[in-house]
Amino acid sequence: MRVFLTGATGFIGSRIVPELLAAGHQVLGLTRSDAGAAALAAQGAQVHRGTLEDPAGLAAGAEQADAVIHTAFDHDFANFVANCEKDGRVIAAIGEVLKGSDRPFLITSGTGMGSPGPGQLADEDVFNLDHPNPRAISETTGAALLDAGIDVRIVRLPQVHDTHRQGLISPMVQIARAKGFVAYIGDGANRWPAGPVDAVAKLYQLALDKGAAGGRYHAVAEEGITARAIAEVLGEGLGMPVRSIAAEESTAYFGWLGMLAGLDMPASSAKTRARLGWDPRGPSLIEDLKAMDYSAI
């Protein structure tokens with residue numbers, strides 16, 4: 001298949017490109033820059049120029065493809081809600097050009113959307129509309145397209161990591177530097193799931209080749225690492241003290257991240273592994289955090 005991949009030069013997308021090529025697909029990768037175009041060409045992919053601010057331009061890329069994988073997202077988390085809304089507009093625009101076809105459309109969400117309730121493992125077959133993560137917009141938009149007959153599949157992400165980036169944990173480093181200490185809330189027992197980036201990239205390829213319309217897949221290698229364990233390894237790497245703060249101090253310390261920092265969000269990938277034969281391997285989140293060069297962040 002010829003696959004239109006948004007976010008093709010990004011943290012996860014740049015790893016998806018070789019997975020798709022190795023599986024025999026052609027890749028039409030989205031980029032906004034000359035450097036991105038050169039990187040894609042060097043990998044053996046074709047180039048489509050565009051931005052998230054121009055949904056029609058992205059839809060034009062989808063028109064040229066047999067399948068679409070959408071991983072691009074604006075990671076300016078200070079404007080997280082607005083960027084989730086923008087993602088919904090992009091998904092809707094791409095979906096319009098896929099109507100009336102059987103072309104798969106893989107979109108990206110977060111594992112929190114599968115939480116059946118506080119402290120319970122997020123499940124692939126659950127879509128919790130009451131979860132506080134605004135990324136729900138991506139799934140509700142995708143659900144409307146699925147109802148319209150489009151082959152929509154969802155990959156839900158945990159904290160995706162290597163030794164350079166770790167999802168929402170990366171901004172915590174900047175917050176700690178600004179505050180002078182690393183914090184966790186209460187006893188720090190709340191958990192976040194994680195997955196190494198190369199294993200996550202492989203999951204997208206499997207969801208394309210083996211997935212089904214309406215399928216939700218969890219890119220989870222570790223079901224839950226406690227906030228305290230994360231904070232302690234960050235403190236060690238930064239050479240900073242680690243402290244517990246009260247829940248009411250969360251917004252003052254974490255800012256925009258405060259709405260998520262104290263949530264207990266463990267997630268399972270048991271159904272994903274069974275349905276797609278996914279076998280995530282690679283370093284643990286803590287291993288990557290310990291191996292990270294904190295001076296480079």
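The values are calculated or read from the model by the stated rules, or taken from the named source; none is laboratory data. Computed from a prediction, not measured in an experiment: that's the story for all the values here. For neighbour counting, all protein chains shown are included, and Cβ atoms are generated from backbone atoms with ideal geometry for every residue, glycine included. Accessible surface is based on the protein model in full, side chains and every heavy atom, while ligands, DNA and RNA are left aside. Shrake-Rupley method; radii C 1.70, N 1.55, O 1.52, S 1.80 Å.
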Seminar exercise, completed: To the nearest 10 degrees, the tilt of helix 34-43 (Cα long axis) against the first principal axis of the alpha carbons of the chain is 70
Exercise. Where does helix 197-210 land angle-wise versus the long Cα axis of the chain, in degrees 0 to 90, nearest 10?
Worked result: 30
For this session: Would you please state the base-10 log of I(q)/I(0) at q = 0.26 1/Å for segment 127-169, with intensities from the Debye formula using one equal scatterer on every alpha carbon?
Result: -0.94
Seminar exercise, completed: Residues whose modelled amide H sits under 5 Å from the amide H of residue 32, counting only those 5 or more places away in sequence or on another chain, are 50
Seminar exercise, completed: Given the candidates 140, 113, 78, the one whose Cα lies deepest towards the positive end of the charge dipole of segment 70-156, counting +1 at each Lys or Arg C-beta and -1 at each Asp or Glu C-beta, is 78
For this session: Give the accessible area for residue 111 in Å² (nearest 10); use a 1.4 Å probe, count only protein heavy atoms, and leave out ligands, DNA and RNA.
Result: 10
Exercise. How much accessible surface does residue 103 have with a 1.4 Å probe, in Å² rounded to 10?
Worked result: 50
Seminar exercise, completed: The relative contact order of the chain, taking Cα pairs under 8 Å that sit 6 or more residues apart, comes to a percentage of 18
Seminar exercise, completed: Computed curve, segment 1-99, Cα-only Debye sum without solvent term, log₁₀ I(q)/I(0) at 0.12 Å⁻¹, is -0.35
Exercise. Tell me, what does the Kirkwood hydrodynamic radius of the chain come to in angstroms if you use every pair of distinct C-alpha atoms?
Worked result: 19.4
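Return one whole number: the accessible area per residue of the chain in Å², for a 1.4 Å probe. Before the final figure, lay out the partial values.
On the way: 11900 Å² over 297 residues.
On a per-residue basis, 40 Å².
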Exercise. Can you give the three extents of the C-alpha atoms in segment 76-208 along their principal axes, from longest to shortest, in whole Å?
Worked result: 55, 29, 28
For this session: On the protein heavy atoms, probe 1.4 angstrom, tell me the percent of accessible surface of the chain carried by carbon and sulfur.
Result: 51
Seminar exercise, completed: Counting only DSSP loop positions in segment 69-125, the trypsin sites (Lys or Arg not before Pro) whose Cβ has at most 15 other Cβ atoms within 10 Å are 99
Problem set entry | Size of segment 17-63 as Cα extents on the principal axes (Å, biggest first) | 30, 23, 11
Exercise. By how many degrees, between 0 and 90 and to the nearest 10, does the Cα long axis of helix 80-98 differ from the longest principal axis of the chain?
Worked result: 20
Problem set entry | Scattering profile of segment 170-287 at q = 0.12, 0.24 Å⁻¹ [log10 I(q)/I(0), Debye over alpha-carbon scatterers] | -0.52, -1.26
